[in-house]
Amino acid sequence: MTYRLIVNDTAHDIDAPGDMPLLYALRNHLDLKATRYGCGLAECGACAVFVGRDVRQSCVLPLAAVDGPVTTVEGLAPGDALSPVQQAFIDEQAAQCGYCISGMMIAATALLADTPDPDDAAIAAALTSNLCGCGTHVRIVRAIKRAARMQRQARNAT
């Protein structure tokens with residue numbers, strides 16, 4: 001069957017079974033490799049994407065159930081620009097192996113959309129569904145705080 005998906009503001013027709021996970025469509029059909037396969041059980045956060053405004057685990061979301069536009073980490077900012085979250089993760093060197101980072105950036109973006117000045121407890125709560133085996137949580141928390149400052153500065157400049 002053919003499914004029309006809007007991914008990172010671009011329409012795509014995907015010819016695949018409806019029970020195929022969105023993750024496979026993103027990686028294998030659309031060549032968007034930042035979204036990772038981690039556990040395959042929606043427990044590690046490596047495959048997190050936005051569907052509409054909701055963070056969803058793409059490893060368990062069948063194509064037939066995708067009910068809105070999809071945004072991957074590649075689509076967080078237009079063109080060659082970086083979003084404040086992406087830039088802050090680079091600035092703070094928040095990635096060690098990098099496997100969890102796209103999911104962490106999705107979670108951070110969702111957090112900052114609802115909580116522009118999160119404290120440590122809010123950040124920890126927002127990342128509970130994201131696992132990092134390298135132990136870069138301190139840098140990830142710093143990156144999220146930096147992104148929050150960057151977003152506040154951008155709002156105050158306008």
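Quick notes on this one:
- Filter pass, Cys47 being at pLDDT 95 or above, surrounded by 20 or more Cβ atoms within 10 Å (Cβ to Cβ) and not polar (S, T, N, Q): yes
- Put simply, of Ile123, Ile140, Ile106 the only residue that is under 19 Å from Thr71 (Cβ atoms) and modelled with pLDDT of 95 or more is Ile106.
- Filter pass, Val66 being surrounded by 19 or more Cβ atoms within 10 Å (Cβ to Cβ) and either in the same structural domain as Asn8 (by TED's automatic domain parsing) or under 21 Å from Arg4 (Cα atoms) (or both): yes
- Checked against (1) out of contact with any helix residue (DSSP H, G or I) (no Cβ under 7 Å at 6 or more places or on another chain); (2) at pLDDT 95 or above, Met150 meets all criteria but (1).
- Of all the listed residues (Thr109, Thr158, Thr128, Thr115), the sole one being in contact with a helix residue (DSSP H, G or I) (Cβ under 6 Å, 6 or more places away or on another chain) and surrounded by fewer than 16 Cβ atoms within 10 Å (Cβ to Cβ) is Thr115.
- The set of residues in segment 84-134 being in a loop (DSSP other than H, G, I, E, B), in contact (Cβ under 8 Å) with a residue 12 or more places away in the chain and small (Gly, Ala, Ser) consists of Ala94, Ala95, Ser129, Gly133.
- With a requirement of 1 or more residues that are under 26 Å from Leu111 (Cα atoms) and touching a Cys at 6+ places or on another chain (Cβ under 8 Å), the strands (runs of 3 or more DSSP E) lying completely within segment 1-69 that satisfy it span 54-57.
- Verdict on Gly52 being modelled with pLDDT under 95 and either farther than 26 Å from Ala148 by Cα or not assigned by TED's automatic domain parsing to the domain that holds Ile144 (or both): no
The values are calculated or read from the model by the stated rules, or taken from the named source; none is laboratory data. Given the structure is predicted, the values throughout are model-derived calculations rather than measurements. Quick reminder, even Gly has a Cβ in these numbers, built from the backbone with ideal geometry, and neighbours come from all protein chains shown.
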